[in-house]
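The next block holds one structure in the form of structure tokens; read it before the comments.
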Amino acid sequence: MTYSGTAFEAGEWQVFEIILAASVATIIIFWLILTHFKRQGFMSWCLVLLVSGGMTSLCVFSRLNAMQLESLLSLGKNIEIIDGKFHYGEYRFPYMAEHGIDYREISLDERTIKLYRSGYMPNTHCYRDFYSDNKFNENVKMRLYIHWFESNYKFQKQTYKLRAPCIIKIERLNRAGNIPVTTAI
């Protein structure tokens with residue numbers, strides 16, 4: 001059984017970061033063209049620099065998060081590799097979920113994995129939107145590389161240990177004649 005090229009890896013450059021970088025470049029180019037035709041004051045320059053700096057720092061912060069997960073993957077420490085047929089699970093809503101946490105269930109060969117919303121994750125690059133939007137077919141054969149994060153979560157004056165899976169790499173079975181479709185997660 002051979003696996004196709006990577007369908008998702010948390011260390012890849014994400015569309016979010018490209019949009020941020022392109023937005024910063026567009027703002028600066030637009031501003032330079034505007035100042036060429038009409039002189040701008042100190043306050044307007046400060047505002048443009050502040051917005052551009054804020055967007056650039058978001059881009060850098062996102063890239064550092066991705067690099068942290070990429071280093072986890074290359075070191076291979078605390079990574080569990082799960083193989084099997086992929087099935088969508090049920091999405092649970094907050095009033096049904098344990099301890100007030102909403103999640104989506106997926107299963108690989110009868111093993112159920114709870115994917116929590118990214119708000120509960122220590123790193124935002126973990127399975128970006130995997131719980132709600134992806135392009136995998138039902139019953140496709142997959143391999144997930146999962147790093148487990150443990151953190152304390154407080155709910156109604158009680159503390160719970162939350163063991164959250166961070167999917168940092170997804171591979172699909174390579175079938176003869178099929179070209180692997182890359183998904184942006």
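The values are calculated or read from the model by the stated rules, or taken from the named source; none is laboratory data. These numbers were taken from a predicted model, which means no experiment stands behind them. We place every Cβ from the backbone using ideal geometry, glycine too, and count neighbours over all the protein chains shown.
Among the conditions (1) under 19 Å from Asn123 (Cα atoms); (2) surrounded by fewer than 13 Cβ atoms within 10 Å (Cβ to Cβ); (3) in contact with a Leu (Cβ under 8 Å, 6 or more places away or on another chain), Leu58 misses just one, which is (2).
Evaluate the following for His99: is it farther than 28 Å from Cys166 by Cα, surrounded by fewer than 17 Cβ atoms within 10 Å (Cβ to Cβ) and modelled with pLDDT under 80? Full working, then the answer.
Working: farther than 28 Å from Cys166 by Cα: no; surrounded by fewer than 17 Cβ atoms within 10 Å (Cβ to Cβ): yes; modelled with pLDDT under 80: yes.
No; evaluated as a whole, the condition is false for this residue.
Residue check: is Tyr127 modelled with pLDDT under 75 and at positive phi? When the stated conditions are applied, Tyr127 passes them.
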